[in-house]
Each structure stands twice: as C-alpha cells, then as structure tokens.
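A short reminder: the numbers here are calculations on the coordinates, not readings from a lab. Computed from a prediction, not measured in an experiment: that's the story for all the values here. Please note: Cβ atoms are built from the backbone with ideal geometry, for glycine as well, and neighbour counts cover all protein chains shown.
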C-alpha cells in the first residue's frame, strides 16, 4: 500500500505543481499590470477589507473540511455535518461584518473600507459551499481535477481583474477579481466532485468530528490572526499607503510559496493521515518532500533577494520602490518554508492539530512583543521583527516534529542542505554579475540576464553537492538544447521520481 500511496502522492505533487506554476504566472502577470494601474493606497484599502474577512473565512471554509480529509472512516453524515456548520458560520459572519463595517473602517481611519468590506464578505458563503467538494477531491488525491480548477480559476480571474482595473482604476477591480476567482473555483469543485448539498446529519456525526475541528479551528484562527496582525497594526497607525507597500512583497512571497512549496505541503496532510501508523514510511515521505521542495525554493528565494533592488522598480513601477527591502526580508523568511510548511500538514495528518495551536500561540506572542518594540521605526523594522519571529517558530517546529513523529531535527536540516549550498553559490555569482556589470539604460535586460545566469549556474553548482541529480539535470538540458523537449522531460521526471520513492 505504501509504495502505491507514495506513487499517487508523487503524481499529486506533480499535478499540483503544474497548477501552481500556471497560477503563479497568471497571478504574477495580473499583479504586474494592476500594480502599474492602481496606487498603493487603493491596494491598501482592499487589503484592509480582505484581512477582516480572512478571520471568519478560516472557520467557514478553511477548517471544517480538513476533518473530512483527515478522517479514515468517513460517512455521508460527516460530509453533511461539515456543510451545515460551514454555511451557518459563513452567513452569520457575513451579517456581523455588514453591521460592523462602519466601525471597522473608522478603526482603520479609511471610510472607503466599509463598502469594500461588505461586498468582499460575499466570499464567505461561496467558500463555505466550496470547502466540502474541495475536501472530497483532496482526500482522494484527485489533483488532476484540482489542477484544472486552479488553472481556470486563476487565469480567468486574472483576465477579469486586468479588465476591471483598466475600466474602474480603483480598489473595486481587486474586489471583482477575487470574487470571480472564488465563484469559478466553486463551480469547478462542485462539478468534479459530483457533490450535491444535503442536510441529513446526526448529533453523532457532529460529535465525532468536533474534537479535531476545535483543535484545528483554533490553530487556523491563530495562524490567520498571526498573519494579519502586522498589517492591521500598519493600517491603524500608518494608513492604507503603508499597507499597500507592505502587502506587495508579502503577496509576491505568498505566490512564490504557493508555486514552490504548496505542491508538497498540499499532500502532506492526506499522506500523513494514511501513513500515521507507519512512521518509517512517513519519515521517508517527509524527507523526500523537504528535499524536492528545497531544490526549487532555495534558488528562487536566493535569486529574488539579489535582483529585487533593480527588478521591483522596473517591473512594478517606481512607486513600489519602498517595497524592495521588505521583499528581501521575506525572501530570507522563505528559506525556512520547505521544512515548516510540510511539518504543519504532517501534524494535522497524524491527528495532532493541537501542536499547531501551540506553535501558532508562540508565534503570536513573539509577533506582538517584537512589534511593540519595532512598529514605530517603520515598515522595514516591522519586517525584521517578522523574520526574528520566524526564527523562533522554526526552532520550535523542528523540535516538536521530532518529539511527535520522531523525524529528527538533523534529518530535517540535512534534507535540504545540498540545495541550500548550491543556491548560495548561484547567489554569489548572480550578485557579482549584478554588482560589477553595468546595466546602463537597459535595466530590464540586465535583470533578465541575471536570471538566466542564475538558472545556468544553479544546476552546475548542484552537480557538486548532488552529483547524480546534477548529472541528470545537465543531461536533460543538453537533450532539450538538441531539440528533444519530450525526451528531456522524461529524463528529469525519471530522476526526480527516483528521489521521491
């Protein structure tokens, strides 16, 4: 069973990666275009509203469905119970937001937040309905269908967002883009899961899920609170412009994380759930997931850190230049993502969301204490405090996963070490190029040349730290340059499959 599950998980990772890379391209292009049309203030107004909606959304659509993925003996009554709870929470929460919108806008000092918040709240019932069929597909590792949904939803929303930005030229374009993405995904999940909402459920169905839901819900609420706390403080003290400047690098980081880490993190919970009674296979799957995600994440984050000072003003416009140091700090934060993102899914998969609660509580306390001392010094100081917080939670998370599932700290660190050192070599070469080769008036070409140089140097550096994989990558590149892309893809896929097994 374990080899078949690992093979199915590997296919799910590959499909999820295709979806995430496609959505990354679509999302990135839409962000580039819209960021050159809208101002940081307009971005900030939308972000303020979205931050508020995210808190009830995590209960309505981001928590209860996990119980369907985690539970082995799933019954129709469980599915119906989750649907009823989700839609009830969503409707009540939206009503509360409508009533409180004027006061929330007043707290931010931005009256325009109120109508945006009311309309954006529509994502709550949409997400509540979507959560059940999405959980059904995820539990069955049906990532082929999920891939189609993600690609169609993101690309369609990106096109809609750009059109609305060109027509309206304000924050309502972002609202329309977000709502359209949710609606399209809802239609896709319902269609592929062949799911019809039903209400037949019993008290025992609810009771059997409640323990996991309470712990998982608490952990996710705390995670969202930890995520929005810095931007909430920025919005209440520095205004919408500062929120917009801070949000752009965070958004880019989240998109990169979604493309590079999420394909592995997304299957961590269902795989850990299936392997929770076989720790040896679970450790092997965790080792492979960390190693493979690090191969993509480390060079991307390292390279982005180096090219950011030139790339961000060129790509997004000079009005976003203050985001550069914040973006660079987020790239440093990203270096811990291949480990921590997978760890959180494993905790939930083995039925220990309570551990995630303690990690998140620690994170919130560290965030609050560090922000209390740094927020008055500006956005860069706030970003540095978040980096310090991530170091604290990284140490705690790696120690706890060793305690809970027996996967040692040393093994976690070693799993991605080769990719890290190869990325350092690549980063040094790219930095020397950026620093010593003048770009004159062709800044964009200089950035593109630096990216190409990094893409060429990295597999060569990887050759010295992971000789077998390095040889396979170089062989694949040679085959690709000879005009045989399918054969090159088969070579690389075979090499990576061996390392996932």
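A few comments on the model shown:
- Extension gain, residue 354 back to residue 196 (0.36 nm per residue minus Cα-Cα distance, nm): 53.7 nm
- Segment 201-243-segment 393-462 distance, computed between alpha-carbon centres (Å): 32 Å
- Distance from the alpha carbon centroid of segment 252-301 to that of segment 321-358 works out to 12 angstrom.
- Over segment 48-174, relative contact order from alpha-carbon pairs under 8 Å, at least 6 apart, %: 32 percent
- Spacing of the two label points (7 Å from each Cα toward its C-beta) at residue 88 and residue 119, in nm: 3.2 nm
- Mean residue ellipticity, 222 nm, helices only, the chain: the sum of -39500 (n - 2.57) across DSSP H runs of n ≥ 4, divided by residue count and rounded to 500, is -30000 deg cm²/dmol.
- When peptides 360-369, 61-70, 96-105 are ranked by their average number of other Cβ atoms within 10 Å per residue, the highest-first order is 61-70, 360-369, 96-105.
- The alpha carbon gyration tensor of segment 87-163 gives principal lengths a ≥ b ≥ c with a/c of 1.5 or higher and a/b no greater than b/c, which makes the shape oblate.
- Between residue 25 and residue 187, residue separation times 0.36 nm minus the direct Cα-Cα distance comes to 56.1 nm.
- Euclidean distance between Cα centres, segment 96-149 to segment 158-190, Å: 13 Å
- Stokes-Einstein D (µm²/s) once Rh is taken as the Kirkwood radius of the chain over alpha-carbon pairs, at 37 °C in 0.692 mPa s: 139 µm²/s
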